Amino acid sequence: EDKEKFAEESRNWIFGYDLFAASPTTFAPATEIPIPSDYVLGPGDVLSISILGGTNSQTRSRDTTISRDASVNIAGLPPIGVAGLTLDQARKIIGDEVSRQIIGAQAIITLKELRSIRIFMLGAAYMPGSFTVSSLATISNALFVSGGVSEIGSLRNIELKRSGEVVHTFDLYDLLLKGDTSQDMRLHPG
């Protein structure tokens, strides 16, 4: 009991740990924010595709989910591979294919729904484990979901790993003291 009380009290001794005292257990999907054009599409994202013009000169709209084989299906067209592409790249590829297959038509593509991704918070996370977050989640979002950094961890040396390799080191104090979000990288599944 004394050990638990000491651990709870000691979290407030180091600057920044109290930020996670009332961390939410989940994050509601962000639906009102603009999607960056460099957003990387993946299976589960839902695209809204409107085809304007063409042979019958009517607007046809359809929502289509990117399948596990990384493609979207648009009625009357062969599957188009888009997973792993940015939203801008997918817009160009789909637009070019629609223009090529349907004479006089053009496509307007928007991202209607975001997929969820599973991430792992390990090491000195306060609550290590597997978490499901939005595909727009960043390192700081993941820290909040996991309750922050444990008493033995550092807020200055948070590692982002992909396939077992460190791809980025994040210093949370840059965010806390300067409001600098430039190093708060977006996460990928796994």
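The values are calculated or read from the model by the stated rules, or taken from the named source; none is laboratory data. Fair warning: this is a prediction, and the values are worked out from it, not measured in the lab. Ideal geometry is used to build each Cβ from the backbone, glycine not excepted, and the neighbour counts take in all protein chains shown. The protein model used for the area step is the full one, side chains on, heavy atoms only, and it has no ligands, DNA or RNA in it. Shrake-Rupley method; radii C 1.70, N 1.55, O 1.52, S 1.80 Å.
Going through (1) under 19 Å from the mean Cα position of the chain (by Cα); (2) open to solvent by 60 Å² or more (accessible area, probe 1.4 Å); (3) not aliphatic (A, V, I, L, M) one by one, residue 106 falls short only on (1). Of the residues making up region 123-133, not a single one is surrounded by 16 or more Cβ atoms within 10 Å (Cβ to Cβ), more than 30 Å from residue 74 (Cβ to Cβ) and touching a Phe, Trp or Tyr at 6+ places or on another chain (Cβ under 6 Å). Could you go through region 64-71 and let me know if any residue there is modelled with pLDDT under 70 and assigned to a loop (DSSP other than H, G, I, E, B). There is no residue in region 64-71 that is modelled with pLDDT under 70 and assigned to a loop (DSSP other than H, G, I, E, B).
Out of all the residues in region 169-190, which are open to solvent by 80 Å² or more (accessible area, probe 1.4 Å) and among the aliphatic types (A, V, I, L, M)? Passing the criteria: only 177.
Taking every residue in region 133-149 that is part of a loop (DSSP other than H, G, I, E, B) and pairing it with any residue that is buried (at least 19 other Cβ atoms within 10 Å of the Cβ) and small (Gly, Ala, Ser), at least 6 positions away or on another chain, the pairs with Cβ-Cβ distances below 7 Å are 135/42; 146/125. Going through region 74-103 one residue at a time, which ones are exposed (fewer than 15 other Cβ atoms within 10 Å of the Cβ), touching a strand residue (DSSP E or B) at 6+ places or on another chain (Cβ under 8 Å) and at pLDDT below 90? Selection gives 75, 84.
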